[in-house]
1. I'd like the distance between the alpha-carbon centres of the stretch A:84-156 and the stretch C:101-167, rounded to an integer number of Å.
2. Need one number: nm distance between label points at A:Asp378 and C:Phe321, each 7 Å from Cα along Cα→Cβ, rounded to one decimal.
3. Under a straight-distance cross-link criterion of Cα-Cα below 28 Å, which lysines are reachable from A:Lys53, leaving out those fewer than 8 residues away in the same chain?
4. Would you compute, for the Cα atoms of chain A, the largest minus smallest coordinate along each principal axis and list the three values in descending order, in whole Å?
5. Hey, with R₀ at 45 Å, roughly what FRET efficiency would A:Arg125 and A:Ala233 work out to, going by the Cβ-Cβ distance, to 0.05?
6. Counting only protein heavy atoms, probe 1.4 Å: which residues of the stretch C:190-212 lose 50 Å² or more of accessible surface in the full assembly compared with their chain by itself?
7. If each of A:Asp79 and C:His99 carries a label point 7 Å out from its Cα toward its Cβ, how far apart are those two points in nm?
8. How high is the FRET efficiency between C:Leu16 and C:Val117 when r is their beta carbon distance and R₀ equals 35 Å, given to the nearest 0.05?
Amino acid sequence: MSRWILTSVIVAVTGAALPRPAHAGPLDEAQGGRLEQALERAIDGLAASSDDKINESVNKLAVLGDPRAIPALDALCDDRLRLGTDGHAYVWDSKIRDIRDPVTGAVVGGAPRPLKEVEISNEVRRVALPILAQLKLGSPDAAVRLAAAQELSNGGSAEAPALLRGALGREHDAKVRGALTLAIARVDLGSADASARIAALEVVSKSGDDDFLSTLQQMLGQGSDGKPNEPDARVRAAAQRARDAVVSHQRVVGFVGDLLHGLSLASVLLFAALGLAVTFGLLGVINMAHGEMLMLGAYATYSVQTAMHGSRFYLPVAIPVAFLSTALVGVLLERTIIRHLYKRPLETLLATWGISLGLIQTVRLIFGAQNVSVANPDWLAGGLEIAHGLVLPWTRIAVVGFVIVVAAAVWFILQRTRFGLEVRAVTQNRSMAACIGISTKRVDALVFGLGSGIAGLGGVALSQLGNVGPELGQSYIIDSFMVVVLGGVGRLAGAVAAALGLGVVNKLIEPAAGAVAGKIAVLVFIILFIQRRPQGLFAIKGRVEA
Amino acid sequence: MSAIPVTPLEDDDRPTPISSAPIPAAARPELALWVENLSVTFDGFKALTEVTLTLEKGELRCLIGPNGAGKTTLMDCITGKTRPDSGAVYLESRMNDLTKLSECRIAELGIGRKFQRPTVFQGHTVYENCELALAGKKGVFRTLFARLSAAERTRIDEILELIGLQDHAKRQAGLLAHGQKQWLEIGMLLAQAPSVLLIDEPIAGMTHAETERTAELLRSLAGAHTVVVVEHDMEFVRSIARRVTVLHQGKVLAEGPMAQIQKDPRVVEVYLGV
Amino acid sequence: MLLGGAALLIAVVIPLVAPDYLVPLLGKFLCFGIAALAMDLVWGYAGILSLGHGLFFALGGYGMGMYLMRVIAGEGVYRSNLPDFMVFLDWKQLPWYWHGFQSFPFAMVMSLVAPGVLALVFGWFMFRSRIRGVYLSIVTQALTYAATLFFFQNAAGFGGNNGLTDFKRILGASLHDPGTRKLLYVASAIALFGTYLLCRFVVTSRLGRVVTAVRDAELKTRFCGYESTNYKLFIWTLSAMLCALAGALYVPQVGIINPSEMQPSNSIEMAIWVAVGGRGTLGGAVLGAWLVNGGKSWLTAALPSAWLYALGALFVAVTLFLPDGLVGLGSKVGSKFRSKSLRPPT
Ligand SMILES: Nc1ncnc2c1ncn2[C@@H]1O[C@H](COP(=O)(O)OP(=O)(O)OP(=O)(O)O)[C@@H](O)[C@H]1O
Ligand SMILES: [Mg+2]
């Protein structure tokens, strides 16, 4: 407590008034105009030629406490502030290689060149940085306040605790409050007061934030003289507790992260497996080129994106394009080649493998052998933060949602439409279906097209998760066949369950034992599993003759 | 044998189930096959319910019943193709329960079977089909070095003559007509020399004359072998049957001499009357 | 027999007349011929389309490669007793599974036994659970895929993606010496001939007929008293070991073995060799292997980007138009070759 008072005094003496609260009401007109001028004058003063004058301006900005001064101060500390021939200060933006107005941020056309670089000593920086932090803590933008809190706690300046506490008192945003509390705890861990350290450890252990892990390790460790780094036994015990809490929290976070990662892998597998469940399960056609349908779908997405010059709405266009183009390829293959091979599954396997070679080579010739990358549209960028250190990318969430929609649609088509009825009739008794007037040829082609189209949709999903290359399909085909084997042929529910199981199990084993061990473990598991249930999870029952 | 009185079995007055322990060999020396409380379900569908059946040595038994009665399923259980949910099958005086053994072990013990749909080795010649069916040890390495002995050759020739395929010995079995495949399968069964023969619908696809010959053949087999025949053709059944068992909906509906069975009102109702 | 005689003749004549640079290439073809025979045993006769034979081939190759690495211990770039790649990984000790490979007989036995045991165990699990047809193909492919990933790892101790290479001597003879290459060629020719005779003996024995019967009607063979699982297991394991033999002979002639050799695509290519020549005929399998690989050697040099198209088209064309392969075509056309077996109903 005494330390807090002390720092407050220091802050008061150095003239750094507390910034205007973010939620302050609007100022009245006249005063606003005056302040405006003062702000501009102070900012221009930052580009003064002597350190003293700059210091003066910095302090003026502190008194004004206007967050609009943040870019200018930031630039000053970063050596990005420029003095124009008109005597005004400007901020240099290296990205666009031009200057911006320090307050409005607008690019200044017809710049008052030549520009002079404002150089400051570290002395000035020492004064300016805490004031910058303090201004940031008062910014109306929660993200800026959050960043400032983290920066302050890492910087370890003498004024930090006081600033942070002040900010915490005024803060209303729960997230920023949390960050401020942590920042204070971080500073307090270095405090000379044992009870302050214990209180800080309490906060750390509640947060489970792994940024503290190294500090905690250090506190629990021993110096080179064999004495513990932390002299107080009570604090040591608290540190131990905090460390355990952090570690177990991290474990949970890691687990949930893997789980979700597995879920998105499962979604991609499910796309491939749904298509297979349709072509293999219903038609009995084992299509080794099925993976290439994924690949074609991904390239279709890439083409649409390129054709639309990366418009943010290319995805809604890419989805039908990918579906239709891969479905068309599927129908063509079925009509020209595969229909001659019904009832000869092993030959079908070889022929479709040949087809896959041709497709890969074609794509290679058209798009090049190199991977291409499909940019996520901005509305899929970023992610959903569930807990500290656990961010779910929107792309993955979208892929999971997408596969649910597609699976539901497939189920609906097969179970609730006239077409689905015909499909089921044909797959159960081909000749009987033909007798009652169903065009089995048409059904075959459409079913194959549907299966391929679903894989094409999977390609759209894949393009959002990683790079796209001609061999993309090869890496999924084996896994997706495993899904079909495990799930039982021709069973949508089986495919869903098996894809989920394999995807999640794979990603759960991976961090512990490595990707290869994960694959091998899954294979061994499948081999053992089919010992017990050769028909897969959800077998179609029926009798086999000799 | 035909003088055994008929006791039509009612659901409620069936004989009390026999204890699951096999009957000692000495007590029932004349039994060839003993099926005991056999039950099979396919996903809740009861294909066989507590079927009990005893076959005496040398007997020729006909198994009849409407489609789906469970006749083929019963054969599947005896030959190890289908594992029953409960119940047991014992062969002769042996103590081993067939339902625990593999198909090939059961075949080795002396049960031969003809499928409902004729099944021969399509890629092999008629002669080779018979050779493969020949009795003998059938381990991997023994087979690798096996050569046909003179006695075996004669045996195959005899069989080919019996089934009327001597002129087709070098023909691919897959190219035979349906009825010829039926004969070939019967021939293979003979080559296998089992003590119990299970024959599922042997005369489908045969001409009238061939049916006659089949009947004759089956009658001649009885005595030395125990024969179970499943057939829908009543004419044929009448010509060979001494004792008949009627299966209906997975249960034994009646059992007895043909003449008696034909008069049984329930059998007439569910099967013969159609 | 005819083919065997021709093979022997070729074995004697080729090294005398062919230019030195061709000898290893032709020797390679002989090895592919052995692999094709192995593939034909399981696919043509037993109806098992294995997509895992590339793995057995590569395992045999690795066994030989390990011998070739060990026999030059101390002569590598680092002058260490360990193979160079282990030194590079900073390993201090030979992994246990590398012990004994400095001995040629031991290495040869292991080259055959290790793939054999793998095939036996895997096959036992597969066949006893009655996995067959495309399912079996898919699972064998998954096995190959997993093994490839495993061998790609540096930590596996087989040289990672570089594999084993920089061989110098085999049984004291320099591998760079044309004479040694000719001898290796002759050894391959003898092995091919021997394999051919062995396969002929097997497929014409009663066991061969049982295996084909299992392919056509497995349940029926079981009712005839044959334990079909054991038969499949026998032919499968034998085939895997023959394939490993091919791999072991292949490696000293090409001078390298790496995991790309066991990629699933290689196994499928073996299947197409057999399909081109004619399934279920031993001569056809060898012929197919030579034709396809001859075409590959020529086309990859002449028109590299066209090779994959050609291969793809070959897969499609053979399955659509040549179900019995060239031998089948020949017998149809009325040539003196007579195809002994019908096309199996797959
Ligand atoms: N593997 C199986 N799965 C599901 N149901 C089966 C299976 N095998 C048999 N069934 C059913 O069990 C019942 C009995 O069949 P089974 O073939 O034994 O009859 P059957 O008396 O031989 O008839 P049929 O005279 O037509 O040959 C039938 O309804 C059949 O559909
Ligand atoms: Mg039946």
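1. Distance between centres, Cα-based: 63 Å.
2. 5.6
3. A:Lys116, A:Lys136
4. Computed over chain A, the largest-to-smallest principal extents equal 97, 66, 43 Å.
5. Once the sixth-power term is evaluated, E becomes 0.65.
6. In the stretch C:190-212, residues shielded by partner chains: C:Phe201, C:Arg206, C:Arg209.
7. In this crude label model, A:Asp79 to C:His99 measures out at 6.2 nm.
8. 0.30
The values are calculated or read from the model by the stated rules, or taken from the named source; none is laboratory data. The structure presented is a predicted model; accordingly, all values stated were derived computationally and were not measured. Using ideal geometry, Cβ is built from the backbone for each residue, glycine included, and neighbour counts are taken over all protein chains shown. The area values use the complete protein model at the heavy-atom level, side chains included, leaving out ligands, DNA and RNA. Shrake-Rupley method; radii C 1.70, N 1.55, O 1.52, S 1.80 Å.
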